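Written out below as structure tokens is the structure these notes cover.
The values are calculated or read from the model by the stated rules, or taken from the named source; none is laboratory data. Because the structure is predicted, anything quoted here is derived from the model rather than measured. FYI the Cβ positions are ideal-geometry reconstructions off the backbone, even for glycines, and counts take in every protein chain you see.
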Amino acid sequence: MSLELQAQKGYSLEAQTQKFEELGEKYDCQFPPEYVIEDAGYSGADFGRPSIKRVLQLAAEGKIQGVAYTHLDRFARDVEGGLRLIREYRAAGLRVLLGNLGWVTDERHIRMQLQLGLMIAESMRYDIREKSEYGIHAKIRNREPMGGHPPFGFRFVTKAMMIARAIARGEPSPRRPGTAFERVEEHIQLVLRIFKLLAAGKSVRSVARTFSEEGIITIRGCKRCRKAGITATCTHWNPTFIRDVAINEFYVTGIWYYNKRFAVVPPNPRRREERHRTRTTQKLRPRDQWMECFQTEPLVSRALFERVQENVKGGKSRNGGKPSDRWLLSGLKDGAKCAVCGYSLKGSGQVRYYRCSNCNRVTNEALCEEHHRGVAADRLEATTLAVLREEVGDPIQLRANVDRYERDLVDQVDAGELDEVRKQATVLRNRLDAATLKELNEDDARSKQITQRFIAELKPQVRFLEARVATLERSQARKGFQVDSRGIAGDISKGLTTQVRSEQKQIIHHWISEIRYANGEAEFTVRIPIATSQTGVPSPNCKLDVDPAYSFIPLKIKRLVAA
């Protein structure tokens, strides 16, 4: 079924149900009511409609022997797709009955009628689309609003609604009413309030939370309320909707455009329940293809609109870079975390703060004492750069930190642990050698594949244990880590001269893997590359002769941070 209005009223579905009764008598077949599948609102050109999947599922379960459609154009409006679908049905063991054609067989006249009918159905589909687009463009040239979702604050009024209103008022029905947009004053006041709150420094999430707490009804309801059928009382405002209102140029120009977007099939389509959205997404057209169809007085001034744009898009760094560069500590290898509960630290607010993210996602109630306390982002980021500059950027201090790490490691070494790790490494190495020899002599493809999988699982375990043995032996012999202190300190000192936030973030992410903060104190984990080769010189890009995961030592450095 291709018309949504027909689907809502059920006219076409009722007619098709009666047609099935006639087909049953004509072709001597039965259509049990539980197997009459409805596709309300789906077009015959959509081969992803749920009924097709349901039919194939019933066929796989052996519950049906055939599939019937009342008309050929209800089955398919595409030649290639229709023929492919018939092959799928036949491969599933089903016979296909088309009401105005009969049983689909391999007879020449049936195949000719089928292909000719599909060609006509496809041609009619393109003809209907062309005529519809011509009529739409003609109305737009006459400045009549056309379809789509109107901007928040306005309502789309159809001809049928105008006639119904006239009848309700006891007035004569207008002869040729046109579609129109009308203002919804209640929503207009919300639009103005959104711009005022955002201009005052509120975030879109804060505005959405304010509207929800005040019990203001949304216009379409959230996804959960739509699924439950309670959209009329939904008060869950979405921050994305608030942002869409804030960046919509309609409110500053007063001009509404048609033909702004077009539907495309995404490379990785997501499963959706909404009609006609199973495999398409919307992309913006070039601005010269937009068609002006409605104009009214602007709701906000240009100065207010630009100030809101600056606040909404304030995530972009003043010094250039991506929006994420506003938070230098986001995206660390092991993360910036709360030292109390282990949850990640999230940046928030126009006055930038890092806070513990451990809170109730519905009520926003803090579940950790550090959530409300937080730390100023500027102070924590400045402390991070200072740690790199003073503790790692100074070759003497770096060498002292490495020596301290080595002494702590030596104190933790146990002779019994070294012997046990050696035994485990020897056992695994013997298993790996035996498996490698077996794989070389194996002729059976299946057995060879199993052996290769076993080898792939053993290799990282062997590398880990051998690296652990090397570390314990070095610690027991008190052989110092070979660190290029001058080279590392020179690279950091040179890199920290920049004031570009994107470059500062890159330096922090290269040297620091984790930050833990709580109650005014931060612990930084700095990754220092070490040389494990015989030459004592670090390999290029730290690719050493052991697994890269063990070519760094994690220096723990603590610093006080003013909250």
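Pairs meeting the criteria (first residue in the stretch 460-482 and in the same structural domain as Asp419 (by TED's automatic domain parsing) and closer than 14 Å to Arg422 by Cβ, second residue small (Gly, Ala, Ser) and modelled with pLDDT of 65 or more, beta carbons under 7 Å, at least 6 apart or on different chains) are Val462/Ala425; Leu465/Ala425; Glu466/Ala425; Val469/Ala425. Just one of (1) outside the structural domain of Tyr251 (by TED's automatic domain parsing); (2) surrounded by 13 or more Cβ atoms within 10 Å (Cβ to Cβ) trips up Tyr134, so point out which. Against the list (1) outside the structural domain of Tyr251 (by TED's automatic domain parsing); (2) surrounded by 13 or more Cβ atoms within 10 Å (Cβ to Cβ), Tyr134 comes up short only on (2). Comparison of Leu97, Leu83, Leu72 shows that the only residue that is of a type in the set (A, V, I, L, M), assigned by TED's automatic domain parsing to the domain that holds Phe31 and over 19 Å from Leu23 (Cα atoms) is Leu83. Set side by side, the residues Gly82, Gly62 differ, and just one is surrounded by 15 or more Cβ atoms within 10 Å (Cβ to Cβ) and either within 39 Å of the chain's Cα centre (by Cα) or under 20 Å from Ser51 (Cβ atoms) (or both), which is Gly82.
Determine, yes or no, whether Met161 is surrounded by 13 or more Cβ atoms within 10 Å (Cβ to Cβ), assigned to a helix (DSSP H, G or I) and not assigned by TED's automatic domain parsing to the domain that holds Tyr42. Yes: the conditions hold for Met161.
Out of the stretch 129-153, which residues are within 35 Å of the chain's Cα centre (by Cα) and free of Cβ contacts under 8 Å to residues at least 60 places away in the same chain? Listed by number, the residues that qualify are Arg129, Glu130, Ser132, Glu133, His149.
Could you say whether any residue in the stretch 105-115 is closer than 22 Å to Gly24 by Cα, surrounded by fewer than 17 Cβ atoms within 10 Å (Cβ to Cβ) and of a type in the set (A, V, I, L, M, F, W, C)? Scanning the stretch 105-115, I find at least one residue that is closer than 22 Å to Gly24 by Cα, surrounded by fewer than 17 Cβ atoms within 10 Å (Cβ to Cβ) and of a type in the set (A, V, I, L, M, F, W, C), so the answer is yes. Checking each residue in the stretch 363-376 for being farther than 17 Å from Arg205 by Cβ and either assigned to a loop (DSSP other than H, G, I, E, B) or at pLDDT 85 or above (or both) picks out Leu367, Cys368, Glu369, Val375, Ala376.
Note on the stretch 338-358: among residues that are assigned to a strand (DSSP E or B) and either of a type in the set (Val, Ile, Thr) or in contact with an Asp or Glu (Cβ under 6 Å, 6 or more places away or on another chain) (or both), the one that is farthest from Gly201 (Cα to Cα) is Cys338. The condition (being buried (at least 16 other Cβ atoms within 10 Å of the Cβ), part of a helix (DSSP H, G or I) and among the basic types (Lys, Arg)) is satisfied by just one residue among Lys202, Lys139: Lys139. Is at least one residue of the stretch 166-188 part of a loop (DSSP other than H, G, I, E, B), modelled with pLDDT of 75 or more and surrounded by 12 or more Cβ atoms within 10 Å (Cβ to Cβ)? Within the stretch 166-188, one or more residues are part of a loop (DSSP other than H, G, I, E, B), modelled with pLDDT of 75 or more and surrounded by 12 or more Cβ atoms within 10 Å (Cβ to Cβ).
Name the single residue, out of those in the stretch 318-350 being more than 23 Å from the chain's Cα centre (by Cα) and among the polar types (S, T, N, Q), that is modelled with the lowest pLDDT. Applying the filter and picking the extreme gives Asn319. Based on what the data block shows, is Val392 at pLDDT below 80, among the β-branched types (Val, Ile, Thr) and within 30 Å of Ile515 (Cβ to Cβ)? No; evaluated as a whole, the condition is false for this residue. If the Cβ limit is 7 Å and pairs must be 6+ apart or interchain, which residue in the stretch 77-89 that is free of Cβ contacts under 8 Å to residues at least 24 places away in the same chain pairs with which residue that is assigned to a helix (DSSP H, G or I) and of a type in the set (S, T, N, Q)? Close Cβ pairs satisfying both conditions: none exist. Being modelled with pLDDT of 75 or more, not basic (Lys, Arg) and not assigned by TED's automatic domain parsing to the domain that holds Thr525 is true for just one of Glu381, Glu420. Which residue is that? Among Glu381, Glu420, only Glu420 is modelled with pLDDT of 75 or more, not basic (Lys, Arg) and not assigned by TED's automatic domain parsing to the domain that holds Thr525.
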